[in-house]
1. Does region 116-132 hold any residues that are loosely packed, with under 10 Cβ neighbours inside 10 Å and assigned to a strand (DSSP E or B), and which are they?
2. With the requirement that a residue be at pLDDT 95 or above and touching a helix residue (DSSP H, G or I) at 6+ places or on another chain (Cβ under 6 Å), what does region 48-67 give you?
3. Go through region 81-108 and give me each residue that's within 20 Å of residue 62 (Cα to Cα), modelled with pLDDT of 95 or more and part of a strand (DSSP E or B).
4. Looking at region 5-32, which of the residues that are at pLDDT 95 or above and assigned to a loop (DSSP other than H, G, I, E, B) is farthest from residue 74 (Cα to Cα)?
5. Right, residue 111: over 27 Å from residue 75 (Cβ atoms), at pLDDT 90 or above, out of contact with any strand residue (DSSP E or B) (no Cβ under 6 Å at 6 or more places or on another chain) and surrounded by fewer than 18 Cβ atoms within 10 Å (Cβ to Cβ) or not?
6. Which residue is nearest to residue 96 (Cα to Cα), if the candidates are limited to region 35-51 and must be assigned to a loop (DSSP other than H, G, I, E, B) and free of Cβ contacts under 8 Å to residues at least 40 places away in the same chain?
7. Does residue 41 qualify as being modelled with pLDDT of 90 or more and under 27 Å from residue 171 (Cβ atoms)?
8. Take residue 35 and decide whether it is at pLDDT 95 or above, over 24 Å from the mean Cα position of the chain (by Cα), closer than 30 Å to residue 164 by Cβ and surrounded by 12 or more Cβ atoms within 10 Å (Cβ to Cβ).
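The values are calculated or read from the model by the stated rules, or taken from the named source; none is laboratory data. Keep in mind that what you see is a predicted model, and the values were worked out from it rather than measured. Here the Cβ positions follow ideal geometry from the backbone for every residue, glycine too, while neighbour counts run over all protein chains shown.
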């Protein structure tokens, strides 16, 4: 007997590899919902409309939200940990400090894989980090990512989730294109195409144009 559900063939679904599963919400275990809502709102996260008893907030530029409520999870308050991706960890940390959020010092992963003080000297992607905690002790790690590892992002599905994210990518492309023009010794009238190739390659983790 076939285990396929009706219409599977028509939709072209032949296995889990073909099913889009976009992470929508992560539940954060907290003891005091009101206190948690006030804290996460201070981060600049958007408060979304939700059913009674549930609080949902979404970080700026994120497709994924967080939720908390009295009966959403049996996990112990403070047992959560999450990663927040930023394109400039120093600027992000400064903004959080200005908002009254206690953030630990910036550190980076050294050649031996151990944490070392300060941002990565070459601002290598995935390397510079800082952490902060909410009032319950749930830990959030800021991680500076400007170029994805190969295979992490489908180049055919590249997208920018905010004007800030797009602006930062354009600035990096502009700097790289300036070096490109220095190497060639001439102005490049096709710079829009070069920018596009650079930005796609940076997100997809493929070879950057020279």
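1. Pass one, region 116-132, residues loosely packed, with under 10 Cβ neighbours inside 10 Å: 117, 122.
Correct list: 117 only.
2. Matches in region 48-67: 55, 57.
3. 81, 82, 83, 84, listed by residue number.
4. In the first step, residues of region 5-32 are kept if they are at pLDDT 95 or above; the result is 25-32.
After this cut, where a residue has to be assigned to a loop (DSSP other than H, G, I, E, B) as well, the list is 28-32.
Values: 28: 10, 29: 8, 30: 10, 31: 11, 32: 14 Å.
My answer is 32.
5. Working: over 27 Å from residue 75 (Cβ atoms): yes; at pLDDT 90 or above: no; out of contact with any strand residue (DSSP E or B) (no Cβ under 6 Å at 6 or more places or on another chain): yes; surrounded by fewer than 18 Cβ atoms within 10 Å (Cβ to Cβ): yes.
So residue 111 does not fit the description; no.
6. Looking only at region 35-51, we keep the residues that are assigned to a loop (DSSP other than H, G, I, E, B), and these are 43-45, 49-51.
Narrowing further to those that are free of Cβ contacts under 8 Å to residues at least 40 places away in the same chain: 45, 49-51.
On the way: 45: 12, 49: 24, 50: 26, 51: 29 Å.
It comes out as 45.
7. Details: modelled with pLDDT of 90 or more: yes; under 27 Å from residue 171 (Cβ atoms): no.
For residue 41, the condition - modelled with pLDDT of 90 or more and under 27 Å from residue 171 (Cβ atoms) - is not met.
8. Numbers: at pLDDT 95 or above: yes; over 24 Å from the mean Cα position of the chain (by Cα): yes; closer than 30 Å to residue 164 by Cβ: yes; surrounded by 12 or more Cβ atoms within 10 Å (Cβ to Cβ): yes.
Considered against the rule, which asks whether it is at pLDDT 95 or above, over 24 Å from the mean Cα position of the chain (by Cα), closer than 30 Å to residue 164 by Cβ and surrounded by 12 or more Cβ atoms within 10 Å (Cβ to Cβ), residue 35 comes out as yes.
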